[in-house]
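Report on the structure given below.
The values are calculated or read from the model by the stated rules, or taken from the named source; none is laboratory data. All of these numbers come straight from a predicted model, not from anything done at the bench. Quick reminder, even Gly has a Cβ in these numbers, built from the backbone with ideal geometry, and neighbours come from all protein chains shown. Please note that ligands, DNA and RNA were not included when accessible areas were found on the heavy atoms of the full protein model with its side chains. Shrake-Rupley method; radii C 1.70, N 1.55, O 1.52, S 1.80 Å.
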Amino acid sequence: MPNPLKDNPNWLAFRDRALAPAGARLREWRDNDPFIAAARRPGPAEKTAVAITLLLILAVVAFLMLFDWNWLRGPIGRWASAKYEREIELNGDLDVKLFSWTPSVQAREIRVGGPVWARERDTLRVADLQASVRLRALFIGRIEMPMVAITRPEAVLIATEDGRQSWKLNPDRPDDGQGLKLPPINRLIIRDGKISLDEQRRKIRLEATVTAREGSDGRAGFNLQGEGTINGTPLTLAVHGGPFINIRRDHPYAFQATLAGVGSRLEARGSITRPFDLGQFRSTLSLQGRDLADLYLLTGITTPNTPPYRLSGTLTRDDAKFTFSDFAGRVGSSDLSGDLVVDKVGDRRRVDAVLHSRLLDIDDLASVLGGRPTVTPAGNTVVTSGQPGRLLPDAPLAVERLRAMDGTLRYTAAQVKRNELDIRKVELGAELKDAVLDLDPVAFNFNRGELRGTARINAKRDTPYSTIDFRLRGYPLESIIPARGGAPTVTGSALGRARLEGPGASIHDFAAASKGQITLVVPHGKMRSAFAELLGINATAGLFRLLGGDESTTEIRCGVADFSVAGGTATARTFVIDTTPVLARGAGTIDLGAETMNLRIDGETKQARLVRLWSPIVVQGPLTAPHVGIDTGSVVAQAGLAGVLGAVVNPLIALLPFVDPGLAEDANCGALISSAR
């Protein structure tokens, strides 16, 4: 076969100029190097050195084969005890087999004591531990363990309220949340294992058994079964996985787990992406319970109070980051879906959630604000304040939970079930950072109008300090004051603003101690003429029209109610209702703590009236059911004066106390509205 390089002039030149001189220099170095020469023609000195080396190697091998490894138990225990500041002992036989492609070690009666603050109980005791490692994998820098067998391990795990954990050998090292990572174990055997957990912050006590068996029967595989209490209520835990036989690094390991307690139940079915790397897994997660807030005791994640819930989605873990994605279900009688991410930023947990409801029951949302939910047999949620006759919820805010994490929330409800307030859409935003919760926005869209505002809750103090600023735009008056006889009593749009601040662990306590301003403005509208006349207690024009079913209307030129709030008591600074026939002025207070009102409305007619009762309207009693009436003392005094005039002078003169000349003038609505906004 012809060689194409043979006649190539470039190749011939390269061979003669480069390769030939390099080969000559290599041969010269080989012939003159003393080490190569000694190896090729060893003399007495070289032979002696080789013999000594071989004897040393044989001596080391013989020493290791005959060495009693028990001599190292004491030094190993003393070194480990000094390093980890706790008693660590190897009290049984220590046996090491090095001369194998899978070197192994066996240690008996291992004891790891508790830290200084928990020395009364050992953290770990193991009756027998056997482990082997694959030597060929070590040569390429990888650890693979063909077998690990543990007999009667007993672990005691204690976590104190201030965050100390007995099982952490390096307590000063920050917790990065990466999860336990072990090298691949082809066969894992655990016999008669026990775990005792005492988590004092969440009041969790658990006693569990752990086994890992080979075989093909129903008892084979990894099994953890635990029972205990959480906050004084029953707690159960069950984890099951397949047998640890021929486990491979690149083959996921399937598992299923169930955790139940404090009225909640969590079920997960999935797989560990890389076996023995517990920082990576993926599963389907289903959870249900009576209140999402109870999950804090099980997971350490702060969630709001809710009615009973049932949710399901995909849970994945990527070291410190947990993602509960594409979940859906129901909370109370509302649907809920979205994504939630739990991560660790620095030394703090962070939770970010994006949630959505297609159809919201507004009572379910009221539960978040501290209301007490009850689900009816029909599946609807009914929320009360928690105290009979009260409007504002008194459930206290758990400030310690707000201090435990940071995060954000975005929630939208596309539609809202029919409700008394005629709310149609809801939008909520929240950001929690360093125990300060900012709510922005808090928005409710009505059929007409909107309530939108912000709130801040500072939970750094034992008693939270809150500020709110809410604005009402275009809310229909007919949604506030019910219709009479099938016809609306009043029509028009209301504007309002509430700016309050103060301490309080609940909404009720906050209102009872708040200060600020509450304003309600009606720029224009209409009112049934009968009620307009009654503002001035016009017996002829008002009562006769009302009793006669008159549905005619009169103009509301403006209405302004401006209250200053101090110590939870709202005092009227401006209270004016100006209609075409009557100008009404009010005064009085609203006690936000007792949730009662005591208001008085005096009306003046703008037109002469023959018969008019000079009596103010009084609105008194609880906010949930106020009583509207008249000041009977004024009526009696007016009637008494009429009786005296009739007896002494003339019966016709007796009508004078009931005659109103109608001297009231229109209010300066522009100035009133400007000052109130």
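Determine which aspartates and glutamates satisfy two conditions relative to K425: a Cα distance under 13 Å, and not lying fewer than 8 residues away in the same chain.
Here the aspartates and glutamates satisfying the reach criterion relative to K425 are D361, E450.
Obtain the nm distance between the two label points defined at K433 and N91 by a simple spin-label model: each point lies 7 Å from its Cα along the Cα-to-C-beta direction.
Distance between the two pseudo-spin positions: 5.4 nm.
Which whole-number value in Å² is the accessible area per residue of segment 186-313, probe 1.4 Å?
50 Å²
Based on the Cβ-Cβ distance of D440 and S104, what FRET efficiency does E = 1/(1 + (r/R0)^6) give at R0 = 60 Å, to the nearest 0.05?
0.45
Please find the FRET efficiency linking H356 to R456, where r is the Cβ-Cβ separation and R0 is fixed at 22 Å, and quote it to the nearest 0.05.
Once the sixth-power term is evaluated, E becomes 0.35.
For G242, what is the net charge nearby, where nearby means another residue's Cβ is under 14 Å from its Cβ and Lys, Arg count +1, Asp, Glu -1?
Once positives and negatives cancel, what remains is +3.
How much accessible area does I577 have with a 1.4 Å probe, in Å² rounded to the nearest 10?
The accessible area comes out at roughly 40 Å².
What net charge is computed for the residues neighbouring T454, neighbours being all others with C-beta under 9 Å from the C-beta of T454, Lys and Arg scored +1, Asp and Glu -1?
Net local charge, T454 excluded: -1.
In the structure displayed, which of K168/K321; K97/K321; K321/K433; K168/K344; K181/K460; K417/K460 lie more than 29 Å apart, Cα to Cα?
Beyond 29 Å: K97/K321; K181/K460; K417/K460.
What number comes out for accessible area per residue over segment 566-609 if the probe is 1.4 Å? Units Å², please.
40 Å²
Find how many whole Å separate the alpha carbon centroid of segment 282-331 from the alpha carbon centroid of segment 452-516.
31 Å
Obtain the nm distance between the two label points defined at R600 and A625 by a simple spin-label model: each point lies 7 Å from its Cα along the Cα-to-C-beta direction.
According to this spin-label approximation, the distance is 2.6 nm.
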